[in-house]
Amino acid sequence: MSGHKVKGSTTIFIIFATPAESEEDGRISRINMEVRAKKALGQHFLTDRSIAESIVAALRLPEKGSDVIDGNDTAGECTTDGKTSRFPSQVLEIGPGTGVLSQYLLQRPEADLKMIEIDTESVDYLHRHFPAAAGRVIPGDFLKLDLDRLFPGDFNVIGNFPYNISSQIFFRILDFRERIPQVVCMIQKEVAERIAEKPGSKTYGILSVFLQAWFDIEYLFTVGSGAFAPPPKVQSAVIRLTRNSRTNLGCDEALFRSIVKTSFGQRRKTLRNSLKPVIAAKASREGWDAGRLGEFTSEPVFDLRPERLGVEDFIALTEKLS
Ligand code: SAH
């Protein structure tokens, strides 16, 4: 891998073997490809194919031949982890780039794959080198994609996410949580830890609470920066999100969100201090005098900082402040 810098982009050469060719005739056929890796698009291309295979293998899909496929009541069954769970065959890959994951996804007959890629150079590359990708690549921005129009029913999400917008991608996934039973993604290791972290750790935060409310999260493995071209400055990690069985929070969701955001916005303060406006609003609604307010805020939960609270604690706190 060699490269030189040109104004915010790095020109790299990726030596790339297509699995079909290497399997068919036992030779490794090499495509010498020039790609401008664009910093602004978070482009770090994975070059380690065994890692790409592991990421794709982590996506559970309905077994081929089972009843399928694209709606809540027609999803296939999958029992890979001992539990019976349901995953659809529709898959959305975010940011396929040069297709390192896509090539393996396209080989899985159980997958009905679509890809969304913002970079036109990558889109052209995918069309040139993966005939099977025809009609499956959508040029555009995932954050603006009309998911309702693209997918008639449930769909899985997979991708080596552009790290610069991974939080925005997760918030979008949360908006569509009823239709996304599974996400397998590579992100910055620090963000992966934060999302998977239990309460009490320093990195636990807003996204941890929001995602943990709706998804079971597994930290699968860490990937060093040497597996990419150009190598990112940070380590990476692969996580898997599986939609849990929660159908509602059992509390006012807008208030829940606002309480989580407000308290982590001042994470070094106790909840008594960071949530002062929310507590004051409650007191005025209830017509409390200072004595009653003092009694309320002397409850031990208000001594805590937000990182001590799990999803259930935030739900209880929301109910208390409703
Ligand atoms: N999957 C490839 C590329 C990962 S880099 C690999 O593993 O090698 C992230 C990819 O996301 C890049 O191809 C980048 O062009 C694409 N991307 C960045 N922002 C995007 C957006 N908003 N919507 C869709 N794709 C995006």
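Each value in this text was obtained by applying a stated rule to the coordinates, not by laboratory testing. All values derive from a computational prediction rather than experimental measurement. Here Cβ is always computed from backbone atoms with ideal geometry, including for glycine, and neighbour counts include all displayed protein chains.
Numerical summary
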read-out	value
Ranking of Phe221, Phe130 by count of other Cβ atoms within 10 Å, fewest first	Phe221, Phe130
Estimated distance in nm for a label pair at Lys198 and Asp252, the labels positioned 7 Å out from Cα along Cα-to-Cβ	3.2
Neighbour-count ranking [beta-carbon atoms within 10 angstrom, fewest first] of Lys202, Lys276	Lys202, Lys276
Rounded to whole Å, sorted largest first: equivalent-ellipsoid semi-axes of the stretch 195-260, Cα gyration tensor	29, 14, 10
Lysines whose Cα lies under 30 Å from that of Lys64, excluding same-chain neighbours fewer than 8 positions away	Lys83, Lys114
Sorted by Cβ density within 10 Å, fewest first, the residues Glu117, Glu312	Glu312, Glu117
Rg followed by Dmax, in Å, when the stretch 159-312 is reduced to its Cα trace	18.2, 63
Trypsin sites (Lys or Arg not before Pro) lying in DSSP loop within the stretch 249-322, provided at most 15 other Cβ fall within 10 Å	Arg267, Arg268, Lys269
Rg/Rh (Cα only; Kirkwood hydrodynamic radius) as it applies to the stretch 90-166	0.92
Cα convex hull of the stretch 148-212 - mean projected area over all directions, nm²	4.6
10 Å-binned pair-distance histogram of the stretch 75-231 (Cα, whole percent)	10, 37, 38, 14, 1
Viscosity 0.890 mPa s, temperature 25 °C, Stokes-Einstein D of the stretch 242-322 from Kirkwood C-alpha radius, µm²/s	186
The stretch 182-322, relative contact order in percent, only Cα pairs under 8 angstrom and at least six apart counted	28
Label-reachable residues, the stretch 301-322, where backbone N falls under 14 Å from a point 7 Å from Ala281's Cα toward its Cβ	318-322
